[in-house]
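These notes are about the structure you will find just below.
The values are calculated or read from the model by the stated rules, or taken from the named source; none is laboratory data. Predicted, not measured: the structure shown is a model, and the values here were computed from it. Note that each Cβ is placed from the backbone with ideal geometry, even for glycine, and that neighbours are counted across all protein chains shown.
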């Protein structure tokens with residue numbers, strides 16, 4: 001299976017919900033150039049408000065990325081897993097899986113909202129962006145326009 005996975009996670013607190021903090025957060029990229037010699041690992045990028053949303057590169061085993069990938073009949077089926085229900089903003093229902101042909105890629109975005117168990121801390125939030133390509137790709141593939149874009153973001157209140 002020739003699959004390229006990039007997982008971008010942007011995390012913030014209530015401080016970046018509006019105004020200047022939200023402008024900086026919303027300006028954070030959702031796709032990055034791939035590092036050389038990535039396969040068979042997934043490219044991870046983490047950005048947090050405490051670092052002014054500066055990107056931090058990493059690598060992960062594909063099985064540790066929250067996405068189901070299945071190859072069948074010349075297509076790649078993609079469906080991100082969602083975190084526990086207590087972390088989800090309200091959503092009407094999940095969209096169906098995307099099936100890619102070789103040469104196609106998808107950008108799938110999910111957001112989350114968390115509170116401490118005792119309610120003693122402020123809310124925290126994150127946005128997961130999964131950029132997934134099927135077949136050989138250039139290092140700059142995720143800087144372009146995806147074949148499919150699934151926006152599964154819910155209201156964060």
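Quick notes on this one:
- Filtering segment 17-33 to residues that are part of a loop (DSSP other than H, G, I, E, B) and more than 12 Å from residue 142 (Cβ to Cβ) leaves 17, 18, 27, 28.
- Among (1) part of a loop (DSSP other than H, G, I, E, B); (2) in contact (Cβ under 8 Å) with a residue 24 or more places away in the chain; (3) surrounded by 10 or more Cβ atoms within 10 Å (Cβ to Cβ), the one test that residue 36 misses: (3)
- Single residue of segment 1-33 satisfying the filter (over 13 Å from the mean Cα position of the chain (by Cα) and crowded, with 17+ Cβ neighbours inside 10 Å) that is farthest from residue 68 (Cα to Cα): 21
- Selected residue (criterion: nearest to residue 13 (Cα to Cα)) from residues of segment 39-57 that are in a loop (DSSP other than H, G, I, E, B) and in contact with a strand residue (DSSP E or B) (Cβ under 6 Å, 6 or more places away or on another chain): 53
- Residue in segment 48-61 that is in contact with a helix residue (DSSP H, G or I) (Cβ under 7 Å, 6 or more places away or on another chain), at pLDDT below 90 and surrounded by 15 or more Cβ atoms within 10 Å (Cβ to Cβ) present: no
- Residue check for residue 138: more than 12 Å from the chain's Cα centre (by Cα) and either exposed (fewer than 11 other Cβ atoms within 10 Å of the Cβ) or modelled with pLDDT of 95 or more (or both): no
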